[in-house]
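We did not get these values from a lab; they are worked out from the coordinates using the rules stated. Just so it is clear, the structure is predicted and the values come from calculations on it, not from any experiment. All Cβ positions, glycine included, derive from the backbone under ideal geometry; neighbour counts span all protein chains shown.
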């Protein structure tokens, strides 16, 4: 098991995923983030607990203005030393508390589709939807999921890689579900004796919907035909549910998610 852990960590450290680990020497914890799992909110929480943000109710846009750049860019600055180095990940994994923030896989896939495909001007700089090949935004959710099914985890764009990727053998002390972020992070802060925080998660579904207003079979519509984005459940029929369940089985089993 120790050999498998070290091999997993070495593979991980040699990839861009290493930058998704935030390290606090002050409070002796590592915070494992993941794209499309509230990573921006997690980073804001981290900054607040280190007195690098001054208002616990600050919005993400205000946080970017306060920092002078996006919160993601802020953490990439090597001078700030907020992301764990390869050496720190290898040497401190057993000594520091480990926190991971996770998300319902079915909801995460829909979030990617609505954010990166349905919003026409929201392109991923230097990245593509599934692999490094070019992609079209004129695809239905069904076509997107069926394409996703064919791409192995190690070839997927980071927003779509499984949440367990290269973390299979890490024993997390705290597993925080994004759906209950504020409550669970407050409990962790109390346990670790660090400042309480209740930062908002601003990238939720934009508009509430009643069932009788939702256009059914949205999963077979082109993005230009989707005028409103309903809750994630309405993007799925049984076939699509099963594809995502199989694709992200490890995440679903490990983090105890249901559709």
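Structure data summary
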quantity: At q = 0.30 Å⁻¹, base-10 log of I(q)/I(0) for segment 62-114 (Debye sum, equal scatterers on each alpha carbon); calculated: -1.02
quantity: Rough spin-label spacing in nm, given labels placed 7 Å along Cα→Cβ, for residue 138 and residue 173; calculated: 5.3
quantity: Cα coordinate range in segment 31-85, projected on the principal axes (Å, largest first); calculated: 29, 25, 19
